[in-house]
Each structure stands twice: as C-alpha cells, then as structure tokens.
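Everything on this sheet refers to the single structure shown next.
Derivation of every value follows stated rules applied to the coordinates shown; laboratory data play no part. Please read these numbers as outputs of a predicted model, since none were measured by experiment. Positions of Cβ are generated from backbone atoms using ideal geometry, with glycine treated the same way; all protein chains shown enter the neighbour counts.
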Amino acid sequence: MIEDPAVSPSEIPSSSVSAEVVLLHGGLRRPFVRTRRLGAAASSVFGMALVFGLVTLLNADGPKKEAAEGRPPVEVSVAPKPPKPPEPRRSRPPPPARPRANPPPTPNLASSLAGLDMGLPGFGPVGLDDLSGGLLGDVSDVVMTEDAVDAPPQPVNRAAPAYPPRARAKGITGFVTLNLRVGFDGRVEDARVVEAQPKGVFEQPALEAVRQWTFRPATYEGRPVTVRVRQTLRFELE
C-alpha cells in the first residue's frame, strides 16, 4: 500500500473520516436492498404462476381421466370382405323361331266324298247321299282283329311243318309266332313272322306250312269276315 507522504493518518480529522465512511456504506446498501426485493418479488410471481399452472393442468386431466375410466371399452371388429358375386352366365340367345306355315284348310267332307270311286265292283262314283246302310254294313272287305269278331277262325286243315334236318341232327328245338290274315273264305291270305327262337332256323318251314292251312272263317254279326290272328308253331323232337 502506498501512503501519501504528504498526509499522515494522524493528520486527517476524525469527523471527516466518519462522514465518508457513512456516505460510503449508505451509497452501497441502497442498490443491494432494492435488488433483493426485486428478486424476491420475481420468485414469488414465478412460484405462484407455477402452482397455478399445475393446478390448472391437474383439473383439466381429471375429467378426461374419469371419463376415460367410466366409458366401457369399445370393441372394434373388422367385417370380412364379402365374396365376389359369381359372374353371370352368358346364355345363348334362343334361335329365331321359324315361321309356322298356316295349316291347309280342312276339306269339306261332303265335297271330298262326292265323286269318290269306292273301288267296289258294281259301284261307280257316288256321293255322300248315295251311301246306304247296306253299303256301310258290308264288312266283307274289312280286316278285323281277333278280339273284335264274334267268333275267331277255327283251323280245319293243318299241314305239319317240316323239321329242318340240321336242327334235328343237332337236337335244336324252338318256336315261331306268326301273324296270319285269314280271309272270309277261310284261306290264309298273308303270313308274317312276329318272333322266332332261335332265329334263322324254323321261320321258312313254318311259313310254308301255314300257307297251306284252311280255317272256318271268323264271323261278325253272323257273317264271315277277314281277320288277323296269331299262331305259334313249336318245333320239338319226340
């Protein structure tokens, strides 16, 4: 420390030293006290703001939390995608309908029968009015069935069919069913094979035999008529 050689501490008056010290302390204390007051006020304001913010935050989260706790859980389910609808089948358009031809007009029965040649001996073209009951009642040219006549034909002469030599040698037996047209005179006018067992063995001998047969003709209302009947010939070895 450098001391002023001109003035010694003993030479400075005590009153002036005290005044300077007081002034010095007073000038330093006022700014310090003011600074402390401002810091305390700022701390108080900051603390109050912090407390107010915390209270506000807690009050805001409380109802949300209670509402969240009080609500039932929401289940979210994802619905599966619906299957794609099947593609419609393309149906073919129906073919165009063919125009239907108009049916021919129905001929008048009287005009059709007028001038008709019946093909009977002794009769020419006749009209509808000329047809008598006697003509309609003539059934000599009508071929009837066996169940339609009053009495079926009865065989009078039956020629026995020849037994085929090969079938006899091999011991083959069988039968042939024929459809015969027996005329009103009792003769066989037509013969047809309906069934044969075995086939191709007995048909020809059976046809040759029945063509020689004679019958008592079938009758209808007391008159002989032509009729079709069935006859079965059996070929058996004795």
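Descriptive notes on the structure:
- In plain terms, the chain from A148 to A41 could stretch by 24.2 nm, reckoned as 0.36 nm per residue minus the Cα-Cα distance.
- From the Kirkwood radius over Cα pairs of region 160-238, Stokes-Einstein at 25 °C and 0.890 mPa s returns a whole-number translational diffusion coefficient of 184 µm²/s.
- Sorted peptide list for 217-223, 168-174, criterion being average Cβ within 10 angstrom, highest first: 217-223, 168-174
- Put a dot 7 Å past the Cα of A97, heading toward its Cβ, do the same for L58, and the two dots end up 9.2 nm apart.
- Extension gain, F175 back to E238 (0.36 nm per residue minus Cα-Cα distance, nm): 21.2 nm
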